[in-house]
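Visitor: Below are the structure tokens for one structure; questions will follow.
The values are calculated or read from the model by the stated rules, or taken from the named source; none is laboratory data. What you see is a predicted model; the values in this text were computed from it and never measured. Cβ sites come from the backbone with ideal geometry, for glycine too, and all protein chains shown count toward neighbours.
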Amino acid sequence: MQPFLLPLFPLRVVVFPRTPLPLHIFEERYKEMVGEAIRARTEFGVVLAKEDGIVNAGCTVVVDSVLKEYSDGRMDVLTVGMRRFEVLGLNEEKSYLQGEVEFFDDEDLEPASSELKEKALGQYRGLVETGELRRPAADPMVNDPQLSFQLAQALEDLDFMSILLRNRSEVERLKQLTDYLTRSAPKMRQAARMKKLAPLNGHGSTPSGM
């Protein structure tokens with residue numbers, strides 16, 4: 001299969017197939033890139049940006065709607081994740097980065113058991129309701145055959161999200177996600193408690209001068 005040349009948008013974010021991602025576009029090169037994608041109704045790739053470069057796997061998005069356009073060309077758009085890909089090489093012929101990519105999907109097509117799905121959903125719902133997971137832009141589609149992606153969009157651990165994105169088995173992703181939420185729940189709850197107590201001093205009252 002010939003590699004596909006795809007416009008790339010490095011961001012401190014991980015997006016999954018069929019999950020929403022709002023973006024504020026302000027750099028000139030990305031105004032150009034996103035403008036071309038809107039006009040041609042084409043995809044561009046979102047890749048996780050790190051201090052030492054980009055992660056060599058990502059997910060394409062399409063612009064679902066333009067939420068706001070500014071007089072200076074900036075725009076707020078709502079995108080939706082589409083296809084996962086691996087980056088095989090980089091191309092810098094345009095003002096924005098492009099990548100030679102190959103698309104991939106799950107190779108292990110075994111459906112997850114209802115017990116595993118319910119376990120993951122139970123962990124997810126409990127943490128979201130108590131405010132220990134960030135509430136995603138849209139509620140998860142629980143009938144999605146890749147339910148793990150719908151749940152993982154609420155996470156903040158970009159490295160773990162990137163691992164899930166690369167995994168090609170829904171069963172394994174749900175197991176990883178359930179284990180991660182189980183291990184992380186005490187830390188999340190402790191962080192939430194500390195955040196609530198942060199404005200208070202040791203006597204349970206607001207410190208003077210605040």
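Visitor: If only one of D139, D159 is out of contact with any Phe, Trp or Tyr (no Cβ under 8 Å at 6 or more places or on another chain), modelled with pLDDT of 90 or more, on the phi < 0 side of the Ramachandran plot and surrounded by fewer than 16 Cβ atoms within 10 Å (Cβ to Cβ), which one is it?
Guide: Result of the check over D139, D159: D159.
Visitor: Say we look at the stretch 72-98 and pick out the residues that are under 22 Å from M161 (Cα atoms) and of a type in the set (A, V, I, L, M); which of these is surrounded by the most Cβ atoms within 10 Å (Cβ to Cβ)?
Guide: Taking the candidates together, the pick is V87.
Visitor: Also, I was wondering about something else. Tell me which strands (runs of 3 or more DSSP E) are completely within the stretch 39-108 and hold 3 or more residues being outside the structural domain of V171 (by TED's automatic domain parsing) and over 25 Å from R18 (Cβ atoms), or say none if there are none.
Guide: Passing ranges, in order: 75-91.
Visitor: Could you tell me which numbered condition Q150 fails, if it satisfies all but one of (1) within 28 Å of P10 (Cβ to Cβ); (2) surrounded by fewer than 17 Cβ atoms within 10 Å (Cβ to Cβ)?
Guide: All conditions are met except number (2).
Visitor: Further, regarding this structure: If you scan the stretch 75-107, which residues turn out to be basic (K, R) and more than 22 Å from the chain's Cα centre (by Cα)? Lay out the reasoning, then the answer.
Guide: Filtering the stretch 75-107 down to residues basic (K, R) leaves 83-84, 94.
K94 - this is the single residue of the stretch 75-107 that is basic (K, R) and more than 22 Å from the chain's Cα centre (by Cα).
Visitor: Anything in the stretch 140-169 that is in a helix (DSSP H, G or I) and more than 14 Å from E118 (Cα to Cα)? List them, or say none.
Guide: F149, A152, L158, D159, F160, M161, S162, I163, L164, L165, R166
Visitor: For the stretch 99-135, which residues satisfy the criterion of being surrounded by fewer than 19 Cβ atoms within 10 Å (Cβ to Cβ), more than 23 Å from R173 (Cβ to Cβ) and modelled with pLDDT of 95 or more?
Guide: Listed by number, the list holds a single entry, E100.
Visitor: Report yes if some residue within the stretch 193-208 is at positive phi, modelled with pLDDT under 70 and over 16 Å from the mean Cα position of the chain (by Cα); otherwise report no.
Guide: At the first step, the residues of the stretch 193-208 found to be at positive phi are 204.
Applying the additional criterion that residues be modelled with pLDDT under 70 yields 204.
After this cut, where a residue has to be over 16 Å from the mean Cα position of the chain (by Cα) as well, the list is 204.
There is at least one residue in the stretch 193-208 that is at positive phi, modelled with pLDDT under 70 and over 16 Å from the mean Cα position of the chain (by Cα).
Visitor: What is the residue count in the stretch 52-98 for residues that are small (G, A, S) and in contact with a helix residue (DSSP H, G or I) (Cβ under 9 Å, 6 or more places away or on another chain)?
Guide: Qualifying residue count, the stretch 52-98: 5.
Visitor: So if I check each of R183, R134, R125, R173, which one is outside any helix (DSSP H, G or I) and not assigned by TED's automatic domain parsing to the domain that holds V80?
Guide: The unique qualifying residue is R134.
Visitor: Further question on the same structure: Checking the structure you have, find out if any residue of the stretch 167-174 is modelled with pLDDT of 70 or more, in contact with a Lys or Arg (Cβ under 6 Å, 6 or more places away or on another chain) and within 25 Å of V87 (Cα to Cα).
Guide: yes
Visitor: Taking the options F16, F44, F9, name whichever one is touching a residue at least 12 places away in the same chain (Cβ under 8 Å) and farther than 21 Å from E100 by Cβ.
Guide: Selected residue: F16, the only one of F16, F44, F9 that is touching a residue at least 12 places away in the same chain (Cβ under 8 Å) and farther than 21 Å from E100 by Cβ.
Visitor: Within the stretch 12-27, does at least one residue satisfy the condition of being of a type in the set (F, W, Y), touching a helix residue (DSSP H, G or I) at 6+ places or on another chain (Cβ under 7 Å) and part of a loop (DSSP other than H, G, I, E, B)?
Guide: Kept after step one, since they are of a type in the set (F, W, Y), are these residues of the stretch 12-27: 16, 26.
Subset that is touching a helix residue (DSSP H, G or I) at 6+ places or on another chain (Cβ under 7 Å): 16.
From what is left, the residues that are part of a loop (DSSP other than H, G, I, E, B) are 16.
Yes, because at least one residue in the stretch 12-27 is of a type in the set (F, W, Y), touching a helix residue (DSSP H, G or I) at 6+ places or on another chain (Cβ under 7 Å) and part of a loop (DSSP other than H, G, I, E, B).
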